[in-house]
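Let me begin by presenting the structure, written as structure tokens, before commenting on it.
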Amino acid sequence: MSDDLKDAPLGQTSAYITEYDPSLLYPIARSANRASLDLDEDDLPFEGEDEWQAFELSWLTPTGKPVVAIARFRVPASSSFLIESKSWKLYLNSFNQTRFASSVEVRRVLRQDLSRVVDAEVEVTLFGVDDIALAPGRLPGICLDDLDVEVDTYQPDPELIITDSDIIEETVHSHLLKSNCPVTGQPDWGSVLIRYRGPALDHHALLAYIISFREHQEFHEHCVERMFMDILREAEPDQLLVMARYVRRGGLDISPWRALPGETPIKTMRLMRQ
């Protein structure tokens, strides 16, 4: 376990939270993981966001009546820090018995606190529980999951990525992504989408590479950056976007994406499994 995780609240029991407490948020520097990928923090080869959705957000009106909502947060990949997910959940729980004048105030407080912790501007959107914007969709492109592949590697191995000389533009996806929490070892299930233009990626080999994360322990954001850099270095595409949509855990799901500068991100969507 890295030093910056030893005091993290992930996996620890906590007393019942009765009042708003922004100090519960626990930041983790992105720099350590990026150093392991030989990335220069001042000259990142990608842009992107970590899109979080919170399904267990509630607060009280001035008269004590509960309000429930769903929140979407966008944390820029350029931020110095990410936020450890258990601490994020505990922080949101601190709103449960707190009175706010309006949803506008709630959004302001969320944006202020989260932006301060990650050291960048965080976008916050609140939705009603029946908002049509939350309707599930399907990932575009070719699904790789029915390919017949033989797999014996369950740690990320960029040498699994194979290309040929044909230059193509395509979008592929898989629902077979699984990685694991770096502290508790609990499984993180997800879907991954890869859109690129460059030497054609061998689909069988690419699926084996995606599956190779199955025993890997790393935060969601770090897994996506590792996958992006492996494909970028092995295939050298002209255009590249990698997006993972992880399944909800503890009322939160996360969908990080990284892309070469200038790429258009995939339109926000929720999958059926999210």
Extreme residue, nearest to K86 (Cα to Cα), among residues of region 170-199 that are over 16 Å from the mean Cα position of the chain (by Cα) and charged (D, E, K, R): R195
Candidate set from region 51-86 (those that are part of a strand (DSSP E or B) and among the basic types (K, R)); member that is nearest to R116 (Cα to Cα): R74
Some residue of region 244-258 being open to solvent by 30 Å² or more (accessible area, probe 1.4 Å), part of a strand (DSSP E or B), in contact with a Ser or Thr (Cβ under 9 Å, 6 or more places away or on another chain) and among the basic types (K, R): yes
Residue count for region 155-186, restricted to those that are in contact with a Ser or Thr (Cβ under 8 Å, 6 or more places away or on another chain), more than 15 Å from I142 (Cα to Cα) and part of a strand (DSSP E or B): 1
Set V172, V106: member being farther than 30 Å from Q239 by Cα and open to solvent by less than 40 Å² (accessible area, probe 1.4 Å): V106
Residue within region 83-90 that is modelled with pLDDT under 95, open to solvent by less than 70 Å² (accessible area, probe 1.4 Å) and among the hydroxyl-bearing types (S, T, Y) present: yes
Of residues in region 133-169 being surrounded by fewer than 16 Cβ atoms within 10 Å (Cβ to Cβ) and polar (S, T, N, Q), the one farthest from K86 (Cα to Cα): S165
Among the residues listed as D164, D152, the single one being at pLDDT 95 or above, more than 17 Å from the chain's Cα centre (by Cα) and not aliphatic (A, V, I, L, M): D152
Test: residue in region 190-212 that is part of a loop (DSSP other than H, G, I, E, B) and surrounded by 17 or more Cβ atoms within 10 Å (Cβ to Cβ): yes
Count - residues of region 1-50 that are in a helix (DSSP H, G or I), modelled with pLDDT under 80, open to solvent by 50 Å² or more (accessible area, probe 1.4 Å) and among the hydrophobic types (A, V, I, L, M, F, W, C): 0
Checklist (1) within 26 Å of A35 (Cβ to Cβ); (2) in contact with a strand residue (DSSP E or B) (Cβ under 7 Å, 6 or more places away or on another chain); (3) crowded, with 22+ Cβ neighbours inside 10 Å applied to H222, failing item: (2)
The lone exception for Q112 - which of (1) exposed (fewer than 14 other Cβ atoms within 10 Å of the Cβ); (2) part of a strand (DSSP E or B) it fails: (2)
Residue pairs meeting the criteria (Cβ under 6 Å; at least 6 apart or on separate chains; first within 20 Å of L24 (Cβ to Cβ) and at pLDDT below 95, in region 114-127; second in a strand (DSSP E or B) and aromatic (F, W, Y)): none
Conditions (1) touching a Pro at 6+ places or on another chain (Cβ under 6 Å); (2) small (G, A, S); (3) modelled with pLDDT under 95; number of the one not met by S212: (3)
Region 259-274, residues that are out of contact with any strand residue (DSSP E or B) (no Cβ under 8 Å at 6 or more places or on another chain) and either farther than 13 Å from G48 by Cβ or assigned to a strand (DSSP E or B) (or both): K267
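The values are calculated or read from the model by the stated rules, or taken from the named source; none is laboratory data. For clarity, every value in this text was computed on a predicted model and none was experimentally measured. For neighbour counting, all protein chains shown are included, and Cβ atoms are generated from backbone atoms with ideal geometry for every residue, glycine included. To get the accessible areas, we keep the full protein, side chains included, count just its heavy atoms, and leave off ligands, DNA and RNA. Shrake-Rupley method; radii C 1.70, N 1.55, O 1.52, S 1.80 Å.
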